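Taken together, the values in this text are just the output of simple stated rules run on the coordinates, not laboratory data. Everything numeric in this text was worked out from a predicted model, so none of it was measured. Don't worry about glycine lacking a Cβ; one is built from the backbone with ideal geometry, like all the others, and counts go over all protein chains shown.
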Amino acid sequence: MPSTQHAHKRFPERLAFLLNNPIRRATSSPDEIISKLNVSHDNVAMDFGCGPGFFTIALAKIAAKTIAVDVSAGMLEKTANYARKNRVHVKLLKSDGTIIDLADGSVDLIFLSHVFHEVEDKPKVLSEFSRILKSPGRLAIVEKTQGNGKFSGSFGPPIVKAGDVIDETTRAGFRPIQSIPHHKDTIIIVQKLRAHDDSNQ
């Protein structure tokens, strides 16, 4: 079945300062969302579509290894600078998600915040996520699911139905395990199926 979601226009790099600044960190702490993901100290975590690193540093302070992935070299440079400022180590990878230069089964958690709606080839990217995730690894997708319909999509992330994200990831072979409301967002957590689970479908 073809994807039911269409890619939304990518957030402009020139507005990166809106994604990571002292005001946003004070009013919307990245630690608050990351704390809901049960990241372990031995985990390898990926922040996909990391932007300027707003969530990357929060992950890096917990996980054994954190990988920041973005299609923009400029965003990765901002993440690198922010990581140095916070004295944490982050591995940087430039990718749109269709090909990610990591070994099979090497990641415990992939995190996306207001990024999934921008992905152009969702089936291919989800397949690549499945390849690099351990079994069972987790994929945590944050999307805006509530808001004023009159202004939705005019600025900031569009409103996305959580059910559409669940349907898309389920078709790609993931199993939904939790949906967590967070202000106007929903954190949708799905899990890569084990081989024996997949064979029983």
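As a proxy for reagent exposure, ranking R131, R87 by other Cβ atoms within 10 Å from fewest up yields R87, R131. Net charge in the neighbourhood of A45 (other residues with Cβ under 13 Å of its Cβ; Lys, Arg +1, Asp, Glu -1) is +2.
Work out, step by step, the length gained on full extension between L93 and D121: first 0.36 nm times the residue separation, then minus their alpha carbon distance; give nm to one decimal.
On the way: separation 28, 0.36 × 28 = 10.08 nm, distance 1.86 nm.
Computed gain between L93 and D121 is 8.2 nm.
Taking 25 Å as the straight-line reach from the Cα of K134, the lysines in range (excluding those fewer than 8 positions away in the same chain) are K36, K61, K65, K91, K94, K122, K124, K192. Can you figure out the FRET efficiency of H183 with K85, using R₀ = 30 Å and their beta-carbon distance, to the nearest 0.05? E(calc), rounded to 0.05, equals 0.65. Neighbours of D121 by Cβ distance under 11 Å: Lys/Arg scored +1, Asp/Glu scored -1, total -1.
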